[in-house]
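Structure record follows, encoded as structure tokens.
The values are calculated or read from the model by the stated rules, or taken from the named source; none is laboratory data. Computed from a predicted model, the values in this text were never measured in an experiment. Cβ atoms come from the backbone with ideal geometry, glycine included; neighbour counts cover every protein chain shown. SASA here: full protein model, heavy atoms, side chains in, ligands and nucleic acids out. Shrake-Rupley method; radii C 1.70, N 1.55, O 1.52, S 1.80 Å.
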Amino acid sequence: MLALLALAASTAAAATPPERSLLLSADAMVDVTSGELVQDAAVLIVDGKIVASGPRASITAPEDSETLHLAGHTLLPGLIDMHVHLTSRADQHGYRQLALSDERKTINGVVNARRTLLAGFTSVRNLGADAYADVALRDAIADGDIPGPRLFVSGPPIGITGGHCSDENLLPAQFQHTGEGVADGPWAARAKVRQNIKYGADLIKTCSTGGVLSRGTKVGAPQYTLEELQALVEEAHSHGLRVASHAHGAEGINNALRAGVDTIEHASFIDEEGIRLARKQGAALAMDIYVTEYILGEGEAAGILPESLDKERATGTVQRENFRNAHRAGVTMIYGTDAGVYPHGENARQLSRMTQFGMSPAEALRSATVNAARALGREEQLGQLAPGFLADIIAVAGNPLEDIATLENVRFVMQGGVIHKEPQA
Ligand SMILES: [Zn+2]
């Protein structure tokens, strides 16, 4: 019976969810909102949606329901990574990127989307892709042509000439190259927002400071003036789109928050004013505190420039301490990893680092479920195993509230009621 629902991981997902009902049970289930473990738990799924969940004994399934019991496993909501780059690869840094066509990068995205889904990330936010490759990937996944997470995409990131977002600073002047999301001035920034909306973006990505991996930019230096950021955010919000701003330095973080951005990416040098503004405005921080280990460990061999390695050395340790500070101060934290800088499919490694730097396992899980869903505006569909939510469900062996690193080995993946991965016998 299970065969009707199951799909081998290597084949494309069905375009429509199965119509039958399935009673999925396991030894336990994590209620991410309360942080409690529900023993002997079950979830009833009909037409790709959850209609009941809780202790197995409390659920009455229709007589013709299929059943699947995952012995020795714990169920959780599918995870959400709010900062990935599906079209990028961890072994193609620095000058190696220049050899890649937009088409080749799109094929990277097809491969990486599948890896990400099978790692238990059933939704992700893709923050920046050339040539609207992310829009094409999102639509191909939604149509059931290729397996992958539900995608929320930005299109080309919008940034200043020579900035971290969008421009390509590796090429000297005679190539006369300008990145496709480059816009200087409030009206040019508004025009790029409009263009990204025209071509299918779900949200807007910008940069309000320099970055670690871009040549010649400074992580502490602001990019865009407050006036430019205000124009960009106002334009995006007036169309109902949210804005994510890459920002390391405190001045650029605070400029972005004053302009009203919804999420700050990295937030490495956030100061007390930034923490105050984020709390006051309900902005969320996506602090990528795992990636520093990859950059400093394997980055040189992967082609990362020496200046970028220097910048990472000056950033990673401070960022981890500020993660602890911001969390302790009560800022909303969302799970964003910058996967693509390091290998896709390893997205869950950051969970254990979050617990090392001040979060409980339940708080780390909330950052990747309910908090992320709220930051996407999908808090009524994603991030919980509750009635009315989409059946995005994963399972791990053992208890993730005792050992959060079990999430690095997700054994079962269901997305919208379609099974993409099952425990190996
Ligand atoms: Zn990034």
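Summary of computed values
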quantity: Virtual paramagnetic centre 7 Å along Cα→Cβ of Leu170, amide N under 14 Å, in segment 187-231; calculated: 213-216
quantity: Nearest-10 value in Å² for the accessible area of Tyr132, using the 1.4 Å probe; calculated: 30
quantity: Label-point separation in nm, Asp102 to Arg324, each point 7 Å along Cα→Cβ; calculated: 4.5
quantity: Projected label distance in nm at Asp47 and Glu307, using a 7 Å step from Cα toward the beta-carbon; calculated: 5.7
quantity: Listed residues Glu227, Glu408, Glu300, most fluctuating in the chain (Gaussian network, C-alpha, under 10 Å); calculated: Glu227
quantity: Compactness of segment 243-295, expressed as Rg and Dmax over alpha-carbon positions, Å; calculated: 10.6, 34
quantity: Phi-based couplings in Hz for segment 27-42 (Karplus 6.51, -1.76, 1.60; Gly and Pro marked x); calculated: 4, 7, 9, 8, 8, 5, 5, 8, x, 9, 9, 9, 6, 6, 9, 8
quantity: Accessible heavy-atom area order of His177, His344, highest first, probe of 1.4 Å; calculated: His177, His344
quantity: Alpha-carbon centroid distance for the pair segment 133-148 / segment 270-284, whole angstrom; calculated: 35
quantity: Alpha-carbon centroids, segment 195-251 and segment 355-425: separation in whole Å; calculated: 29
quantity: Mean residue ellipticity (222 nm) of the chain, computed from DSSP H runs ≥ 4 via -39,500 (n - 2.57), nearest 500; calculated: -9000 deg cm²/dmol
quantity: Convex hull per residue volume in Å³, alpha carbons only, for segment 232-362; calculated: 122
quantity: Per-residue SASA entry for Lys198, accessible area with 1.4 Å probe, Å² rounded to 10; calculated: 150
quantity: Length released on extending from Thr60 to Asn399, taking residue separation times 0.36 nm less the Cα-Cα span; calculated: 119.5 nm
quantity: Calculated FRET value between Glu272 and Lys218, using beta carbons and R₀ = 22 Å, to 0.05; calculated: 0.50
quantity: Segment 365-372 - phi-based ³J(HN,Hα) in whole Hz, Karplus 6.51/-1.76/1.60, Gly and Pro as x; calculated: 5, 5, 4, 9, 9, 5, 5, 5
quantity: Normalised per residue, the volume of the convex hull around the Cα set of segment 79-376 (Å³); calculated: 112
quantity: Fraction of accessible area attributable to carbon and sulfur, the chain (%, probe 1.4 Å); calculated: 49
quantity: Antiparallel bridges, percent of DSSP beta bridges restricted to the chain (to nearest 5); calculated: 45
quantity: Test item: Cα-centred dipole of the chain, Lys/Arg +1 and Asp/Glu -1 on Cβ, debye; calculated: 380
quantity: GNM result for the chain, Cα springs below 10 Å: residue of Asn112, Asn169, Asn371 fluctuating most strongly; calculated: Asn169
quantity: With all protein chains modelled, accessible area of Asp143 [1.4 Å, Å²]; calculated: 90
quantity: FRET E, pair Asp143, Tyr199, Förster distance 25 Å, beta-carbon r, rounded to 0.05; calculated: 0.90
